1. Hey, can you tell me all the residues within region 244-273 that are over 28 Å from Ser197 (Cα atoms) and of a type in the set (S, T, N, Q)?
2. Free of Cβ contacts under 8 Å to residues at least 40 places away in the same chain, of a type in the set (D, E, K, R) and on the phi > 0 side of the Ramachandran plot: does that describe Lys283?
3. Is one or more of the residues making up region 123-137 assigned to a strand (DSSP E or B), of a type in the set (Asp, Glu), exposed (fewer than 14 other Cβ atoms within 10 Å of the Cβ) and not assigned by the TED database to the domain that holds Gln256?
4. So which residues in region 285-303 are more than 19 Å from Leu331 (Cβ to Cβ) and touching a Ser or Thr at 6+ places or on another chain (Cβ under 8 Å), if there are any at all?
5. Restricting to region 481-499, what's the tally of residues that are of a type in the set (A, V, I, L, M, F, W, C) and within 33 Å of the chain's Cα centre (by Cα)?
6. Scan Asn478, Asn441, Asn464 and give me the residue that is modelled with pLDDT of 75 or more and either open to solvent by less than 20 Å² (accessible area, probe 1.4 Å) or assigned to a helix (DSSP H, G or I) (or both).
7. Please determine, by comparing only the residues of region 259-317 that are touching a Gly at 6+ places or on another chain (Cβ under 9 Å) and of a type in the set (A, V, I, L, M), which one is nearest to Gly351 (Cα to Cα).
8. Answer yes or no: is there a residue in region 304-314 that is open to solvent by 30 Å² or more (accessible area, probe 1.4 Å), assigned to a helix (DSSP H, G or I), of a type in the set (Phe, Trp, Tyr) and modelled with pLDDT of 90 or more.
Amino acid sequence: MLTHQNLRTLWILLLLHMSARAYKFDILSDVRLFGSKNVSEGRVEIYHDGKWGTVCDDNWDMADARVLCRQLNFPGAKSIVTGKDYGQGAPGPIWLDDINCKGTETHLFTCEFKGWGETDCTHKEDVGVVCINVDINDSTHSLDHSLGLSDFLGQIFDDGNGCDFLIVVQSPTGNKQEDGTPEISVKTICAHKMILSQIPFFNASVGITNITVNLSLTCQPHFTSFIRYIYTRKIDVTLSSALCLHQMASNFGLKQLMEDIGRLFSKILPEDSTFHNQVSFYKYAVETKDLVLEENCVQYMAWNYQNLTRSPAWSGLSVGLLRALLTRSDLVAPGEYFVLQSVERWISEKGDSVDLETQADLLGRIRFPMIPAEKLYVIESSSLLYSTHKTVYRDNMLKAFQFNVLLFSNLTKQKFGKDNINYQPRIYTAEPWSIYNNHYNNYGYGYNPYSQTRSKSFTTPVHNSLIFKDTVMSWQANIFINRQECSNYGVRCESFPVLRLTPQSYISQSEILFRNRVLLVCQGQYVCQVQDFKSNMASVSANATQVLPYPCAGDQFIYQIVVTPEYV
């Protein structure tokens with residue numbers, strides 16, 4: 001709580017800001033790309049000594065560009081361009097000239113160069129860079145806890161007027177210096193004791209004038225905006241900064257910021273099609289024992305399992321994460337044979353780094369009885385790992401063949417327990433078990449109220465075991481968009497649109513239960529929600545109750561209806 005003395009000090013800081021006569025501490029430089037609508041390209045600009053300046057293209061090469069792009073959190077550099085492509089630089093210094101990077105540095109200012117502002121160049125020689133940009137939609141989510149705090153506090157922090165508390169941020173780069181000692185990246189921030197005294201971590205109220213903070217190199221670029229949040233209680237959170245900001249909020253005791261960023265994870269999980277961030281979030285959740293975030297990450301990856309297996313992150317998955325995915329019945333995949341093939345590929349790519357016992361454990365989590373008989377037949381000749389794990393395959397394939405030719409009541413008598421997870425299907429989307437409706441969503445993506453495709457008929461086997469292969473079940477799928485349409489079918493609807501899936505032919509099989517679902521596929525790219533049919537109805541409105549849904553911009557999704565029979 002602000003005391004009278006603190007309020008007086010704050011008023012003095014505001015006056016100092018307005019007069020701009022206070023001494024300014026040097027804040028170590030930052031970098032940006034400027035002059036292009038594309039965030040991954042532009043003129044290279046350096047913030048140093050309170051001013052933005054440019055870099056001369058003398059001796060600038062791809063090694064320098066790679067360092068710059070990695071510093072901006074891009075995976076690498078694509079090309080170099082001269083400053084003229086992005087327009088002449090604004091009036092200001094040319095901070096760097098004759099820069100010489102090895103290409104392994106993590107920050108541009110750790111490379112060799114003449115000296116700050118020492119140059120014989122003009123702005124016509126300003127250098128530009130095009131960085132490699134993976135398919136990530138790094139959208140910005142603004143958090144505002146200011147409750148009327150003046151924006152002047154943010155300007156005071158930016159200008160450094162009256163600052164009296166030095167924060168030294170140290171981050172190991174992973175490299176070694178010439179003398180063999182670890183290379184440390186150092187960043188300094190000058191702040192105000194009166195502001196930081198509200199945060200016990202800094203001990204700013206007990207006569208201390210500086211503090212050293214150890215951060216990972218990945219999080220170092222986000223520390224300045226974190227400290228600025230302490231002043232303004234406002235911050236922009238992106239996919240690339242969320243994890244670091246959440247961790248810093250936790251470590252520094254900013255509970256409200258930590259909780260709000262935690263709630264943002266659901267919104268930002270779909271933004272990375274490479275799945276690197278989802279895997280990082282999962283690892284962080286396990287390390288911090290954040291069970292909610294852990295479930296959030298695993299559920300998203302289970303719902304989008306096929307995309308995950310095709311992503312660059314797949315081969316880097318940990319055993320723990322893969323095991324967590326394979327235990328889930330809400331894993332969405334074309335079929336169990338697809339799941340088997342993906343796990344075999346993961347094990348093969350890992351090689352000797354995964355011991356045989358762990359390999360057998362993972363293969364044992366495949367639900368072999370759910371694999372179609374025709375696929376079981378080819379496993380021995382096509383499997384990548386059959387010869388290494390013959391016992392695992394043969395035991396599970398025997399159970400699978402028995403499942404396909406015997407009624408489940410006979411299997412239970414042979415102690416094939418019905419509670420055995422191997423006999424529980426996942427969400428299988430291959431034909432004939434699912435259909436798409438490509439034209440409807442929550443009044444957005446492809447919406448056409450006059451289309452006749454809101455009603456579809458299709459057929460499936462009554463069960464996925466071989467003995468029911470020729471026993472066909474007919475289904476009728478409808479999408480209702482108003483109460484009149486619901487009334488026409490004699491049903492009551494609370495929200496719209498709503499899906500109805502009804503059997504058109506009745507098959508007397510008391511041992512079979514249908515657990516049907518509708519998948520909401522955002523713009524045809526990722527599953528953002530899974531809804532159960534209850535009494536043949538499933539509400540798919542944007543505000544439908546659902547555990548851990550993932551947002552879809554403009555509710556632009558299509559519907560995939562999945563029929564899932566199982567023994568009871």
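The values are calculated or read from the model by the stated rules, or taken from the named source; none is laboratory data. Everything numeric in this text was worked out from a predicted model, so none of it was measured. In this analysis, Cβ positions are derived from the backbone assuming ideal geometry, glycine residues included, and neighbour counts consider all displayed protein chains. These area figures cover heavy atoms from the full protein model, side chains too; ligands, DNA and RNA do not enter into them. Shrake-Rupley method; radii C 1.70, N 1.55, O 1.52, S 1.80 Å.
1. Once the filter is applied, which keeps residues that are over 28 Å from Ser197 (Cα atoms) and of a type in the set (S, T, N, Q), region 244-273 yields Ser266, Ser273.
2. Details: free of Cβ contacts under 8 Å to residues at least 40 places away in the same chain: yes; of a type in the set (D, E, K, R): yes; on the phi > 0 side of the Ramachandran plot: no.
So Lys283 fails the test.
3. Going residue by residue through region 123-137, those that are assigned to a strand (DSSP E or B) are 126-132, 136.
Still in the list and also of a type in the set (Asp, Glu): 126.
Subset that is exposed (fewer than 14 other Cβ atoms within 10 Å of the Cβ): none.
No, region 123-137 has no match at all.
4. Passing the criteria: only Thr288.
5. 4
6. Going through Asn478, Asn441, Asn464 in turn, the sole match is Asn478.
7. The residue in question is Val279.
8. First, pick out the residues of region 304-314 that are open to solvent by 30 Å² or more (accessible area, probe 1.4 Å): 306-307, 310, 312.
Narrowing further to those that are assigned to a helix (DSSP H, G or I): 306-307.
The next check asks that each one be of a type in the set (Phe, Trp, Tyr); those that pass are none.
Within region 304-314 (the criterion being open to solvent by 30 Å² or more (accessible area, probe 1.4 Å), assigned to a helix (DSSP H, G or I), of a type in the set (Phe, Trp, Tyr) and modelled with pLDDT of 90 or more), the answer is no, since none of the residues qualifies.
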